[in-house]
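The values are calculated or read from the model by the stated rules, or taken from the named source; none is laboratory data. The structure displayed is predicted, hence computed values, not measured ones. Neighbour counts run over all protein chains shown; Cβ positions are idealised from the backbone, glycine included. With ligands, DNA and RNA removed, areas are computed over all heavy atoms of the protein, side chains included. Shrake-Rupley method; radii C 1.70, N 1.55, O 1.52, S 1.80 Å.
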Amino acid sequence: MSLLVGDLSRKGILERREDEADRRRRIIGIAADRQPAITAWLAPGAAAWRKALAPLTPDQRQLLVDTLLAYEAAVSGEEQG
């Protein structure tokens, strides 16, 4: 992850700064001048997720989240049990 953050920082997409409360930590964020482009890029996917999830009950949404987490664990080899 740090290599990816480093590459994106060098390209001016991300910016890193010290956490004022804990100097050992770094805060990573999207550079202000890149925010509109990133938002425009992500907006269609976010809108699609909102539309797809809107009719689901809270229990159905939780089932979907649990299923996606189980899939991710299986793909990464981190399955439990």
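Here are labelled values, [x] 29, 14, 10; [y] 31, 21, 13; [z] 22, 18, 10, and one is the computed semi-axes √(5λ) of the Cα gyration tensor in Å for what I pasted. Which one?
Among [x] 29, 14, 10; [y] 31, 21, 13; [z] 22, 18, 10, the one calculated here is [y].
Round to a whole number: what % of the accessible area of region 16-73 belongs to carbon and sulfur, probe 1.4 Å?
Here carbon and sulfur together make up 62 percent of the probe-accessible area.
For the charge dipole of the chain, defined by +1 on Lys and Arg C-beta atoms and -1 on Asp and Glu C-beta atoms about the Cα centroid, which residue among 63, 43, 12 has the Cα displaced farthest towards the positive pole?
Value: 12.
If the only charges are +1 at each Lys and Arg Cβ and -1 at each Asp and Glu Cβ, what is the size of the charge dipole of the chain around the Cα centre, to the nearest 20 debye?
For this selection, approximately 400 debye.
Sticking with the crude label model, points 7 Å out along Cα→Cβ, report the distance from residue 76 to residue 16 in nm, one decimal please.
Here the answer is 2.1 nm between the modelled labels.
Angle check, please: helix 35-53 long axis (alpha carbons) against the longest principal axis of the chain (alpha carbons), in degrees 0 to 90, nearest 10.
Tilt relative to the chain: about 10 degrees.
For the chain, what is the accessible area per residue in Å² when the probe is 1.4 Å?
87 Å²
Could you work out the helix-only [θ] at 222 nm for the chain, with each DSSP H run of four or more residues adding -39,500 (n - 2.57) and the total divided by the number of residues, to the nearest 500 deg cm²/dmol?
-19000 deg cm²/dmol
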